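Contents: one structure, followed by commentary.
Only the coordinates and a few stated rules stand behind these numbers; no lab work does. Just so it is clear, the structure is predicted and the values come from calculations on it, not from any experiment. Cβ atoms come from the backbone with ideal geometry, glycine included; neighbour counts cover every protein chain shown.
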Protein chains: 4
Amino acid sequence: MVETQRFIAVIGGSECTPDEARLAEEVGRELARKGIALVCGGLGGIMEAVCRGASAEGGLTIGILPGGNRQAANQYVKIPIVTNLGEARNVIVVKSSEAVIAIGGGYGTLSEIGHALRNGIPVVGLNTWSLSRKGQPDESIAIASDPADAVNKALNMINK
Amino acid sequence: MVETQRFIAVIGGSECTPDEARLAEEVGRELARKGIALVCGGLGGIMEAVCRGASAEGGLTIGILPGGNRQAANQYVKIPIVTNLGEARNVIVVKSSEAVIAIGGGYGTLSEIGHALRNGIPVVGLNTWSLSRKGQPDESIAIASDPADAVNKALNMINK
Amino acid sequence: MVETQRFIAVIGGSECTPDEARLAEEVGRELARKGIALVCGGLGGIMEAVCRGASAEGGLTIGILPGGNRQAANQYVKIPIVTNLGEARNVIVVKSSEAVIAIGGGYGTLSEIGHALRNGIPVVGLNTWSLSRKGQPDESIAIASDPADAVNKALNMINK
Amino acid sequence: MVETQRFIAVIGGSECTPDEARLAEEVGRELARKGIALVCGGLGGIMEAVCRGASAEGGLTIGILPGGNRQAANQYVKIPIVTNLGEARNVIVVKSSEAVIAIGGGYGTLSEIGHALRNGIPVVGLNTWSLSRKGQPDESIAIASDPADAVNKALNMINK
């Protein structure tokens, strides 16, 4: 019997600001320091920044790619999974993970937040979407103040 | 050469209030009156109500089912598509359609809104989610006042 | 309640010989005459020929497209379903159908035969693959002598 | 930049004979000895046997699961990917890999052979399907005489 890796997903757009990239890189470092494997969409932007951070600390990086070719993965992905499913791969990113940390605010990220909450998987947000439905705020996304707080909140929400 | 059907998706939860069901049924009727085929997730709640309305007016109803068996479709689905993909089928509902009308507010619906906006497919909302990102309102979801308005707005947004 | 369509899939490559196209077109005509809706992959070759036959007899044609755009459907597809799943859409073609008729022999067709037999969905073959496993012939694919025989065999295998 | 893992898939049924399990376990050992990560469907039978062999030699084991829960993975899977896509996940097993080794002969395995050959990914067989199309043998599956030969043939076919 082998010990299964614990996985946390980090989601965010393939384009991001330098500030968001710094947040993502530090989230990646923090996950690696805690021995958590990183799951992401495997491409650029937030995905590349978080993989760069994780691999700098020796963490395991898993990229669930939308296209048909492993060469599309960013250079910090150790385990590229080639789905060729386009955005339907977002569901796999989320469902493979115990918690999700969302950074920034693209619409693909919004779809992943929806899939995660639909499945009861905790979502922590750094500078991301906020939601209200039928006029009432939905506070399911836990707001983090910084990268270390994001990872801590994610771990606490899993352990509950 | 055959004339391809025009498709609009109606998305919403498998559980809904009686008021939401009335809205959905009337959206279905209105789509059918305009000769638009209905695409939905094929199950109960909003999906069943909108199919009931569409079929009452002789409209074509397409259900993109998450499970592995066509018997799971509601009784008003004429064309059941069996995906066995779980929620990844949400992407197919959205991408097969020229526009999306969201009714009510489940997290699966939120994921579909994200997939639609990501793909540049217009979204009209009736009593559904509202979004803000990074503290700024995102007004991509067009707010409709009633079912007829929802269908009109969807058609206008396509035609632009 | 609406009457659900009965569906039979016709599978075959996007390139085919003129003889195979004639077989496919006649299978399409025969399905339409019997009131069975046609499910296929929606593209060219066998898929286009069978849709042409079905639509010439007023049959309903459903194309489960691998790409992200309904414009890729052949001109005889009435109901284009846009999956953007690449070949993973082969599973949907098969699982949406009560039986499968395979014409010709590409590897995509082989994958669909595997998915169908795995799911207990009858497969009828016209000039297609034959299989043996571990040195023993596997005769799960019913061999048809011509298009009318293929449709009859498919219907008989469903009704059993 | 991290060094991307090299991946070979081993495919085979969730039920298998003791002889097939021995073949699979030895294939897993051989892959691990050569530093190749193993991709498989993550369940029992052939999949469990090959993971057991790989992990016994310290190899990396990746299970692409059909269901919605990582607990379904066999106990030798280190990296469980939760797809919830049912058999559509077969495409991911194949497309993530540089070559495929098929052991034994279920219909799911047949579908994976079809997907691999469709994508130009080399297939090596141990006691598995043989194919002919339109009456002519198709010799695309390289026949291996034993586990070491299977791994060698797979590596040679990649390197070509």
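The table that follows gives values for the structure above.
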| quantity | calculated |
| --- | --- |
| Across the identical copies, how the D:Asn159 labels are spaced - nm, sorted shortest first, 7 Å along Cα→Cβ | 4.9, 5.9, 6.5 |
| Distance violations [Cα-Cα > 21 Å] among D:Lys34/D:Lys153; B:Lys95/C:Lys34; B:Lys34/C:Lys78 | B:Lys95/C:Lys34 |
| Per-residue ³J(HN,Hα) for segment B:131-138, Karplus 6.51 cos²θ - 1.76 cosθ + 1.60, θ = phi - 60°, Hz, x for Gly and Pro | 10, 9, 10, 6, x, 10, x, 10 |
| Kirkwood-based shape ratio for chain C, expressed as Rg/Rh from alpha carbons | 0.94 |
| 10 Å Cβ neighbours from other chains, averaged over peptide C:100-107 | 3 |
| Relative contact order computed over chain C (Cα-Cα under 8 Å; 6+ residues apart), in percent | 22 |
| Whole-Hz ³J(HN,Hα) from phi, Karplus 6.51 cos²θ - 1.76 cosθ + 1.60, for segment D:92-105, glycine and proline x | 5, 3, 6, 6, 7, 10, 7, 7, 10, 10, 9, 10, x, x |
| Three-way shape call for the protein assembly as shown based on the alpha-carbon gyration tensor, with the a/c threshold at 1.5 | oblate |
| Residue closest to axis [chain D; rotation mapping onto B; Cβ; Å] | D:Leu85, 3 |
| Segment A:87-160: C-alpha gyration tensor shape, a/c 1.5 cut-off, then a/b vs b/c | rounded |
| Under 9 Å, Cβ to Cβ, from D:Asn119 - net charge with Lys/Arg +1 and Asp/Glu -1 | +1 |
| Per-residue ³J(HN,Hα) for segment B:57-65, Karplus 6.51 cos²θ - 1.76 cosθ + 1.60, θ = phi - 60°, Hz, x for Gly and Pro | 9, x, x, 8, 10, 10, x, 8, 7 |
| Rounded, prolate or oblate (a/c below 1.5 giving rounded, otherwise prolate when a/b exceeds b/c) for segment B:1-49 by Cα gyration tensor | oblate |
| Cβ-vector label at 7 Å, D:Asp19, separations to other copies in nm | 3.9, 6.8, 7.0 |
| Shielding by other protein chains, D:13-23, mean Cβ within 10 Å | 0 |
| Longest site-free stretch - chain A; sites: GluC sites (Glu not before Pro), DSSP loop, at most 16 other Cβ within 10 Å | A:58-138 |
| Measure of compaction for segment B:1-95 (Cα Rg per 2.2 N^0.38 Å) | 0.99 |
| Residue-averaged [θ]222 nm for the protein assembly as shown, counting only DSSP H segments that reach four residues, each worth -39500 (n - 2.57) | -11500 deg cm²/dmol |
| Peptide C:69-77, shielding by other chains (average Cβ, 10 Å cutoff) | 2 |
| Mean separation of Cα contacts under 8 Å, 6 or more apart, over the residue count of segment A:6-82: relative contact order % | 30 |
| Inter-copy spacing of C:Gly135 label points, which lie 7 Å from Cα along Cα→Cβ, given in nm from shortest upward | 2.7, 7.5, 7.6 |
